[in-house]
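Written below as structure tokens is the structure these notes are about.
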Amino acid sequence: MTYKFFPHTDKDIQEMLAKSGMTSLEDLYAEVPKEVLLKDYYQIPEAKSELEIRQYFNNLGSKNKQLVCFAGGGAYDHYTPSSIPFLVERSEFLTSYTPYQAEISQGTLHYIFEYQSMMAELTGMDISNACMYDGPSATAEAMLMANANSKKANKVLVSETVDKKVLNVVKTYAHFHGVEIGIIKATEGVTDKADMEQQLSTGEIAGVIVQQPNRFGNIEDFTGYADACHDKKALFIINSVAADLALLKTPGEWKADIAVGDGQSLGVPMCFGGAYIGYLCCTDKMMRKMPGRIVGKTLDHDGRRAFCLTLQAREQHIRRQKATSNICSNQSLMALWVTIYMSLMGKQGLKEAAQMSYDGAHYLYEELLKSEHFKKAFDKPFFNEFCVRYDGNVDALLAKLEANGILGGIKVADDTIMMAVTEKRTKEEVDHLIALCHE
């Protein structure tokens, strides 16, 4: 059957089939099992007007159950200022094209420059790229940087307290780049420093990856970690939730070589899992091994302020198989999003939102522990996310909360729930959750 959206004529198809030694299109699929082939027409409705299409998808969307979110695990329900969606659509910003030509890309280059400046300050690092697809892929790129930086070692250690989703992406990148991944065991919900030092002592480690707060929500003490890594010529890499760095000790203060993580917490809606934004910041020493690009500020011929691509790998454009990364085009739209968010919030606003998240989580935690049904999972400090042990049926409790309009958290073990609180959660919502859990 010929479709109007296929460019090939019947004659074209017959010529291609003849060249391939076939007589019909069915021959192309001869090796595909008959039971998996579609035997009927696609269930696609007839053409509709724009109004009808909007009504159709609005009706579909209304079937989604809107829940009050107390789940985290890497994506958090933070508030998005209403002005952001409108500002990102301004003509000088909204483009999907990579800013090759500075003279016609000043808007894009400007916000990338501001993004880099803000992220470098937020993480306490020297420089930032712009930008990565998400936190896991940014962490994987940092792993590759550590491997490229090492002359002999071909192994990178990842703490067992790093989010498993992040670890899986790191392992995937490592597999196809010939990098070996080792695991640092966890003790009482935090990285076992002694185990890390023992593995580093072999002198065969290119880098160490940890997470702050870690996958259980615990805040770790990384005192001495950087020194232990640097003594053995290994890089120290910290993965963090971006918004938490408004209050927590920064990767730069921990003397990290590379800071990575997800920027979704900087006002990006959860959006069923994306699009998100990964950040990657590092020391000056690591600049030329960093994937992506760096935008700089300069003056044009007439002395006016201008922006240009100061540093980028030529392989990113012409020898892509050799590139450190091929991050291009409209991924920087999310960099614009978080840049506007940080500009609107300011330093004090970021701190206030983080403090509200912290206070709400600790209030919920203390109230849950007043019930005989909940116990501490770890005796460690936490930020806005924590684990508690429940003496009942975790699945039944989460189902009960969902039936009452609450996404109550994430089941991380048969008897353990991880809950998160952001500045969006009101005291009434938290008290409602507590009341349901105490019933």
Fill in the blank from the handout: The Cα radius of gyration of region 1-121, divided by 2.2 N^0.38 Å with N its residue count, comes to 1.83
Problem - Proximal aspartates and glutamates relative to Lys297, as straight alpha-carbon distance under 19 Å, when same-chain residues fewer than 8 apart are discounted - result: Glu92, Glu103, Glu114, Glu121, Asp126, Asp284
Exercise for the section: Output the peptides 79-88, 129-138 sorted from most to least packed, where packing is the average of other Cβ atoms within 10 Å over each peptide's residues. Expected result: 129-138, 79-88
Exercise for the section: Report the antiparallel proportion of the DSSP beta bridges in the chain as a percent, rounded to a multiple of 5. Expected result: 60
Exercise for the section: Work out how much length Arg90 to Glu103 would gain on full extension: take 0.36 nm times their residue separation and subtract the Cα-Cα distance, in nm to one decimal. Expected result: 2.9 nm
Problem - Computed over region 1-130: relative contact order in percent, which uses C-alpha pairs under 8 Å that are six or more apart - result: 8
Practice task
Kyte-Doolittle cut-off -0.5, length cut-off 18 Å along the helix's own axis using Cα: show which whole DSSP H helices in the chain pass.
Solution key: 106-123, 135-149, 164-177, 332-369
Practice task
For region 272-288, take each phi angle, set θ = phi - 60°, evaluate the Karplus expression 6.51 cos²θ - 1.76 cosθ + 1.60, and give the result in whole Hz per residue in order, putting x for glycine and proline.
Solution key: 6, x, x, 7, 10, 9, x, 10, 9, 10, 7, 7, 4, 4, 9, 3, 7
Problem - Per residue accessible area in Å² of region 10-62, where ligands, DNA and RNA are left out and the probe is 1.4 Å - result: 99
Handout entry: Whole-number D in µm² s⁻¹ for region 10-62, Kirkwood Cα-pair radius fed into Stokes-Einstein, 37 °C, 0.692 mPa s
Key = 220
Problem - Sequence ranges 38-46, 214-222, 23-31, 427-435, ranked by mean other-Cβ count within 10 angstrom, highest first - result: 214-222, 427-435, 23-31, 38-46
Completion exercise
The rounded separation in angstrom of the Cα centers of region 280-302 and region 135-149 is 18
Problem - Computed Rg/Rh of the chain, alpha carbon atoms with Kirkwood Rh - result: 1.03
Problem - Among 296-306, 63-73, 358-368, the order from most to least packed when residues are scored by Cβ within 10 Å on average - result: 358-368, 63-73, 296-306
Exercise for the section: Quick one: work out the % antiparallel among DSSP beta bridges in region 82-341, nearest 5. Expected result: 50
Problem - Nearby lysines by direct alpha-carbon distance to Lys376 (threshold 30 angstrom, same-chain neighbours under 8 apart not counted) - result: Lys164, Lys165, Lys185, Lys193, Lys249, Lys351, Lys400, Lys411, Lys424, Lys427
Problem - Hydrodynamic radius of region 61-115 per Kirkwood, over alpha carbon pairs, in Å - result: 14.5
Handout entry: 4 °C / 1.567 mPa s Stokes-Einstein diffusion coefficient of region 232-317, Kirkwood radius on C-alpha pairs, µm²/s
Key = 84
Handout entry: Under 18 Å from the Cα of Lys19 - lysines, other chains or at least 8 residues apart
Key = Lys11
Fill in the blank from the handout: With all protein chains present, the chain has a carbon and sulfur share of its accessible area (1.4 Å probe) in percent of 53
Handout entry: Rounded Å value of the spacing that divides the Cα centres of region 382-439 and region 223-270
Key = 28
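The values are calculated or read from the model by the stated rules, or taken from the named source; none is laboratory data. Just so it is clear, the model here is predicted, and its values are computed rather than measured. Neighbour counts run over all protein chains shown; Cβ positions are idealised from the backbone, glycine included. Only protein heavy atoms, including side chains, enter the accessible area calculation; ligands, DNA and RNA are left aside. Shrake-Rupley method; radii C 1.70, N 1.55, O 1.52, S 1.80 Å.
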